[in-house]
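Since the structure comes first, as C-alpha coordinates, the remarks are kept for the end.
The values are calculated or read from the model by the stated rules, or taken from the named source; none is laboratory data. Treat the numbers as computed from the prediction; the structure is a model and nothing was measured. Using ideal geometry, Cβ is built from the backbone for each residue, glycine included, and neighbour counts are taken over all protein chains shown. Areas reflect the complete protein model, heavy atoms only, side chains present, ligands, DNA and RNA absent. Shrake-Rupley method; radii C 1.70, N 1.55, O 1.52, S 1.80 Å.
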Amino acid sequence: EAGVTQSPTHLIKTRGQQVTLRCSPISGHTSVYWYQQALGLGLQFLLWYDEGEERNRGNFPPRFSGRQFPNYSSELNVNALELEDSALYLCASSPDTYLYNEQFFGPGTRLTVL
Amino acid sequence: AQSVTQLGSHVSVSEGALVLLRCNYSSSVPPYLFWYVQYPNQGLQLLLKYTTGATLVKGINGFEAEFKKSETSFHLTKPSAHMSDAAEYFCAVDGGSQGNLIFGKGTKLSVKP
(Lines give C-alpha, C1' and ligand atoms only; values in the text may rest on other atoms or scores of the structure.)
Protein backbone atom coordinates (compact mmCIF):
# COMPACT_ATOMS: atom_id res chain seq x y z
CA GLU A 1 0.00 0.00 0.00
CA ALA A 2 1.43 3.34 -1.02
CA GLY A 3 1.88 5.87 1.73
CA VAL A 4 1.10 9.57 1.78
CA THR A 5 3.01 11.36 -0.95
CA GLN A 6 3.95 15.03 -1.12
CA SER A 7 5.41 17.20 -3.83
CA PRO A 8 7.72 18.88 -4.30
CA THR A 9 10.35 17.64 -1.85
CA HIS A 10 12.13 20.96 -1.62
CA LEU A 11 11.22 24.45 -2.68
CA ILE A 12 13.03 27.78 -2.57
CA LYS A 13 11.05 30.99 -2.91
CA THR A 14 11.57 34.67 -2.22
CA ARG A 15 9.56 36.96 0.02
CA GLY A 16 6.24 37.99 -1.45
CA GLN A 17 5.94 35.05 -3.80
CA GLN A 18 3.20 32.43 -3.74
CA VAL A 19 3.65 28.67 -3.38
CA THR A 20 1.49 25.56 -3.82
CA LEU A 21 2.25 22.30 -2.07
CA ARG A 22 0.55 19.03 -2.99
CA CYS A 23 -0.45 15.95 -1.06
CA SER A 24 -1.91 12.59 -2.06
CA PRO A 25 -3.41 10.60 0.81
CA ILE A 26 -3.35 6.87 1.30
CA SER A 27 -5.94 5.17 -0.88
CA GLY A 28 -9.27 5.03 0.98
CA HIS A 29 -8.42 7.87 3.35
CA THR A 30 -10.83 10.77 3.17
CA SER A 31 -9.29 13.22 5.63
CA VAL A 32 -6.17 15.27 4.97
CA TYR A 33 -4.33 17.41 7.49
CA TRP A 34 -1.59 19.97 7.03
CA TYR A 35 0.99 20.84 9.66
CA GLN A 36 3.85 23.30 9.74
CA GLN A 37 7.09 22.31 11.46
CA ALA A 38 9.24 25.40 11.81
CA LEU A 39 12.57 25.35 13.59
CA GLY A 40 12.03 25.65 17.31
CA LEU A 41 8.24 25.83 17.08
CA GLY A 42 7.28 22.17 16.95
CA LEU A 43 4.37 20.88 14.91
CA GLN A 44 1.64 23.44 14.37
CA PHE A 45 -1.73 22.44 12.94
CA LEU A 46 -2.70 24.33 9.78
CA LEU A 47 -5.75 22.82 8.09
CA TRP A 48 -8.06 19.83 8.07
CA TYR A 49 -10.02 18.73 5.02
CA ASP A 50 -12.59 15.98 4.91
CA GLU A 51 -14.83 15.01 2.00
CA GLY A 52 -13.81 18.13 0.12
CA GLU A 53 -14.68 20.54 2.92
CA GLU A 54 -12.46 22.56 5.23
CA ARG A 55 -13.37 21.29 8.71
CA ASN A 56 -10.97 23.23 10.87
CA ARG A 57 -7.97 25.51 10.66
CA GLY A 58 -5.25 26.41 13.09
CA ASN A 59 -4.10 29.81 14.20
CA PHE A 60 -2.61 30.94 10.88
CA PRO A 61 -3.39 33.99 8.76
CA PRO A 62 -5.74 33.77 5.76
CA ARG A 63 -2.82 33.77 3.32
CA PHE A 64 -2.55 30.09 4.22
CA SER A 65 -5.31 28.30 2.36
CA GLY A 66 -5.97 25.08 0.58
CA ARG A 67 -8.47 22.72 -0.88
CA GLN A 68 -9.30 19.07 -1.25
CA PHE A 69 -10.18 17.56 -4.58
CA PRO A 70 -12.79 14.87 -5.36
CA ASN A 71 -10.06 12.22 -5.37
CA TYR A 72 -9.17 13.40 -1.80
CA SER A 73 -5.80 14.80 -2.77
CA SER A 74 -5.10 18.23 -1.39
CA GLU A 75 -3.06 21.32 -1.98
CA LEU A 76 -1.82 23.98 0.38
CA ASN A 77 -1.38 27.51 -0.92
CA VAL A 78 0.65 30.18 0.80
CA ASN A 79 0.46 33.72 -0.54
CA ALA A 80 2.73 36.67 0.12
CA LEU A 81 5.49 34.49 1.55
CA GLU A 82 7.37 35.75 4.60
CA LEU A 83 10.75 34.65 5.90
CA GLU A 84 9.11 32.94 8.87
CA ASP A 85 7.16 30.66 6.53
CA SER A 86 10.37 28.69 6.05
CA ALA A 87 9.54 25.27 7.46
CA LEU A 88 8.84 21.64 6.76
CA TYR A 89 5.20 21.26 5.71
CA LEU A 90 3.77 17.90 6.58
CA CYS A 91 0.64 16.36 5.19
CA ALA A 92 -1.17 13.52 6.92
CA SER A 93 -4.20 11.43 6.12
CA SER A 94 -6.61 9.33 8.14
CA PRO A 95 -9.26 6.82 7.13
CA ASP A 96 -12.16 7.98 9.26
CA THR A 97 -12.68 11.18 11.17
CA TYR A 98 -14.83 9.52 13.80
CA LEU A 99 -12.34 6.95 15.01
CA TYR A 100 -9.36 7.75 17.19
CA ASN A 101 -7.78 9.81 14.45
CA GLU A 102 -4.62 7.86 13.75
CA GLN A 103 -2.83 9.98 11.18
CA PHE A 104 -0.32 8.78 8.60
CA PHE A 105 2.29 11.30 7.57
CA GLY A 106 4.04 12.02 4.32
CA PRO A 107 7.73 12.89 4.00
CA GLY A 108 7.06 16.61 3.92
CA THR A 109 7.95 19.54 1.69
CA ARG A 110 10.85 21.68 2.82
CA LEU A 111 10.10 25.34 1.99
CA THR A 112 12.85 27.92 2.20
CA VAL A 113 11.91 31.58 1.85
CA LEU A 114 14.77 33.94 1.07
CA ALA B 1 -8.49 22.00 25.92
CA GLN B 2 -6.05 19.22 25.34
CA SER B 3 -2.30 19.72 25.65
CA VAL B 4 0.85 17.66 25.76
CA THR B 5 4.06 18.29 27.66
CA GLN B 6 7.26 16.43 26.92
CA LEU B 7 9.86 16.75 29.64
CA GLY B 8 13.36 17.17 28.25
CA SER B 9 14.01 18.52 24.80
CA HIS B 10 17.18 16.44 24.58
CA VAL B 11 17.91 13.03 26.08
CA SER B 12 21.22 11.23 25.69
CA VAL B 13 21.76 7.55 26.51
CA SER B 14 24.48 5.02 25.88
CA GLU B 15 23.92 2.17 23.48
CA GLY B 16 22.30 -0.70 25.39
CA ALA B 17 20.91 1.56 28.12
CA LEU B 18 17.26 2.10 28.99
CA VAL B 19 15.42 4.74 27.03
CA LEU B 20 12.76 6.74 28.90
CA LEU B 21 11.01 9.64 27.20
CA ARG B 22 8.41 11.44 29.28
CA CYS B 23 5.02 12.67 28.17
CA ASN B 24 2.21 14.18 30.22
CA TYR B 25 -1.11 15.16 28.76
CA SER B 26 -4.09 17.25 29.69
CA SER B 27 -7.49 16.22 28.44
CA SER B 28 -11.04 16.66 29.65
CA VAL B 29 -12.13 13.42 28.00
CA PRO B 30 -10.56 9.95 27.87
CA PRO B 31 -7.60 10.56 25.58
CA TYR B 32 -6.32 8.80 22.55
CA LEU B 33 -2.53 9.05 22.72
CA PHE B 34 0.23 8.53 20.20
CA TRP B 35 4.00 8.43 19.95
CA TYR B 36 5.60 9.31 16.64
CA VAL B 37 9.26 9.21 15.60
CA GLN B 38 10.92 11.52 13.10
CA TYR B 39 14.28 10.68 11.58
CA PRO B 40 16.32 13.54 10.08
CA ASN B 41 14.74 15.08 6.99
CA GLN B 42 11.80 12.69 7.08
CA GLY B 43 8.13 12.74 8.02
CA LEU B 44 6.60 11.22 11.15
CA GLN B 45 6.22 7.51 11.66
CA LEU B 46 3.76 6.07 14.18
CA LEU B 47 5.50 4.11 16.93
CA LEU B 48 2.46 3.16 18.98
CA LYS B 49 -0.95 4.31 20.10
CA TYR B 50 -3.27 4.03 23.07
CA THR B 51 -6.99 4.01 22.39
CA THR B 52 -8.79 1.84 24.92
CA GLY B 53 -8.15 -1.40 26.77
CA ALA B 54 -4.71 -2.54 27.84
CA THR B 55 -2.73 0.32 29.36
CA LEU B 56 0.65 -1.10 28.36
CA VAL B 57 1.02 -0.63 24.65
CA LYS B 58 3.69 -2.24 22.53
CA GLY B 59 4.91 -0.63 19.36
CA ILE B 60 7.46 -1.05 16.64
CA ASN B 61 11.22 -1.28 17.09
CA GLY B 62 10.92 -2.59 20.67
CA PHE B 63 9.27 0.51 22.11
CA GLU B 64 6.40 0.45 24.55
CA ALA B 65 4.41 2.98 26.54
CA GLU B 66 2.16 2.82 29.57
CA PHE B 67 -0.98 4.89 29.93
CA LYS B 68 -1.39 6.02 33.55
CA LYS B 69 -4.61 7.93 34.01
CA SER B 70 -3.89 8.87 37.63
CA GLU B 71 -0.62 10.49 36.59
CA THR B 72 -1.88 11.77 33.21
CA SER B 73 1.24 10.25 31.71
CA PHE B 74 2.16 8.20 28.65
CA HIS B 75 5.91 7.67 28.92
CA LEU B 76 7.80 5.88 26.16
CA THR B 77 10.40 3.24 27.04
CA LYS B 78 12.78 0.83 25.38
CA PRO B 79 14.89 -1.58 27.45
CA SER B 80 18.03 -1.31 25.34
CA ALA B 81 18.90 1.61 23.09
CA HIS B 82 20.33 1.08 19.64
CA MET B 83 22.25 3.59 17.56
CA SER B 84 19.42 3.53 15.03
CA ASP B 85 17.02 4.89 17.69
CA ALA B 86 18.62 8.33 17.43
CA ALA B 87 15.79 10.55 16.24
CA GLU B 88 13.20 13.02 17.48
CA TYR B 89 10.17 11.65 19.28
CA PHE B 90 6.79 13.33 19.53
CA CYS B 91 3.95 12.55 21.88
CA ALA B 92 0.48 13.54 20.69
CA VAL B 93 -3.12 13.53 21.89
CA ASP B 94 -6.17 13.35 19.66
CA GLY B 95 -7.80 16.76 19.40
CA GLY B 96 -11.25 15.20 19.19
CA SER B 97 -13.80 17.11 17.16
CA GLN B 98 -11.14 19.62 16.15
CA GLY B 99 -9.65 16.90 13.98
CA ASN B 100 -5.99 17.58 14.53
CA LEU B 101 -3.43 15.87 16.70
CA ILE B 102 -1.95 18.05 19.41
CA PHE B 103 1.77 17.47 19.66
CA GLY B 104 4.32 17.99 22.35
CA LYS B 105 7.42 19.93 21.42
CA GLY B 106 9.43 16.78 20.87
CA THR B 107 12.40 15.10 22.50
CA LYS B 108 15.59 14.56 20.55
CA LEU B 109 17.19 11.26 21.51
CA SER B 110 20.94 10.81 21.08
CA VAL B 111 22.56 7.39 21.47
CA LYS B 112 26.24 7.25 22.35
CA PRO B 113 28.37 4.26 21.34
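Of note, B:LEU76 does not satisfy the criterion of being open to solvent by less than 80 Å² (accessible area, probe 1.4 Å), facing chain A (nearest Cβ under 8 Å) and of a type in the set (A, V, I, L, M, F, W, C).
Quick check on my filter: what residues within the range A:1-19 are in contact with a Gly (Cβ under 9 Å, 6 or more places away or on another chain) and surrounded by 11 or more Cβ atoms within 10 Å (Cβ to Cβ)? Correct list: A:GLY3, A:VAL4, A:THR5, A:GLN6.
Restricting A:ARG67, A:ARG55, A:ARG63 to residues that are among the charged types (D, E, K, R), out of contact with any helix residue (DSSP H, G or I) (no Cβ under 7 Å at 6 or more places or on another chain) and modelled with pLDDT under 95 narrows the list to A:ARG55.
In the range B:79-113, the residue that is least open to solvent (accessible area, probe 1.4 Å) out of those that are away from every other protein chain (no Cβ under 14 Å) and not hydrophobic (A, V, I, L, M, F, W, C) is B:ASP85.
On inspection, B:SER26 does not qualify as of a type in the set (Gly, Ala, Ser) and modelled with pLDDT of 95 or more. Of the residues making up the range B:29-59, those that are out of contact with any strand residue (DSSP E or B) (no Cβ under 7 Å at 6 or more places or on another chain) and either acidic (Asp, Glu) or at pLDDT 90 or above (or both) number 0.
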